[in-house]
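Below is one structure; the comments refer to it alone.
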Amino acid sequence: MERRGRPGGILLGLVLLLAAGLPLAVEAQVTNSVSVSATVPAEPPFPTYPVVQLNGGASPLAVMTVTRDANPISVPAADSTGLYSFTLAEQPVGEHTYIISATDSDGRVHAPITVILDLQYSTTITVDNLYLGPTISAVDPTIDLNGTVEVVGRTIANAAVAASYITTGVQQQNVSANSTGQWSSSFPAATFGVTDVMIRATATYNLVSTISSTDVLVTISSFNPPTNSNTNQNLNTNTNANQNTNTSQNLNTNRPTNTNRPTPPTTQAADLNQDRRVNVIDFSIMMYYWNAINPANRRADINRDGRVDMVDFSIMLYQWTG
């Protein structure tokens, strides 16, 4: 399941203040420990175009893509551990949006990172710790209570991975990626019951966390017991009239006659995790997809107009149960 764009991505803005005739070095620490630094020569002989250095990780041998203002820039693949380092020379002056994305060796897409930089002449901007979210996919997106909720993916080699399973609450499982970046996590379906489970993952490399992966959804249904074909065959083929009559009577008299069982409440459109309540869990799911276009979790777009926005939020407030 793939999601385009993510409002929770990293946005970095850099403003360079130049003191006349003096060299300047600026360094800032921002969310997720991403490091941004800039250097300016004191008196360059001639103005030169800015240089941007992007350093981070995805997964071993991932196919990397960098765009500047939606224009692709040719970059090499990640190395055998999943790390990358790109030097982008002669970048245009002004504010520009860089998006770093990647596809792992199994064809799954990493959650991308967005960086906004304000570039000036004769400067070099270095952005470190740009670690893309792990790739993730469900082994089976639809299972019954006998099955297993299992997800797999790739990230930086030997990184620690935390997989979060979200229903009415959150259960987390910590695992490790192997030397090729592969990781997996699983829970018995009976742990959650009949529901939808949303799973996402983050990885940690050199004490720095990646951004979150995209979300995957696994639907758990009730048991589907096999039909007893022998019983049906005996009922249909038994030629003893008295036996048939007795069997029919037994079937009719032993069948439950309680017709006053309560009807379960109808799930409302704003019940994003389908626990038959519209509350802060559903609100947090909506906030995760806020402003997303065609979100991976289609339920977040309550009015089905292709965007998660104030209209969906208004519907959620109207259906709020607490």
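A short reminder: the numbers here are calculations on the coordinates, not readings from a lab. Keep in mind that what you see is a predicted model, and the values were worked out from it rather than measured. No Cβ is skipped: glycine too gets one built from the backbone with ideal geometry, and neighbour counts run over all protein chains shown.
Taking 0.36 nm per residue of sequence separation and removing the Cα-Cα distance, the Gln173/Leu207 pair yields an extension gain of 10.4 nm.
Take 160-173, 120-133 and order them by the average number of nearby Cβ atoms within 10 Å per residue, most first; the result is 120-133, 160-173. Listed peptides 211-221, 144-154 appear in the order 211-221, 144-154 once ranked by packing, highest mean of other Cβ atoms within 10 Å at the front.
Scaling against 2.2 N^0.38 Å puts the C-alpha radius of gyration of segment 137-221 at 1.07. Ranked by the mean number of other Cβ atoms within 10 Å of their residues, highest first, the peptides 193-204, 93-104, 55-66 fall in the order 55-66, 193-204, 93-104.
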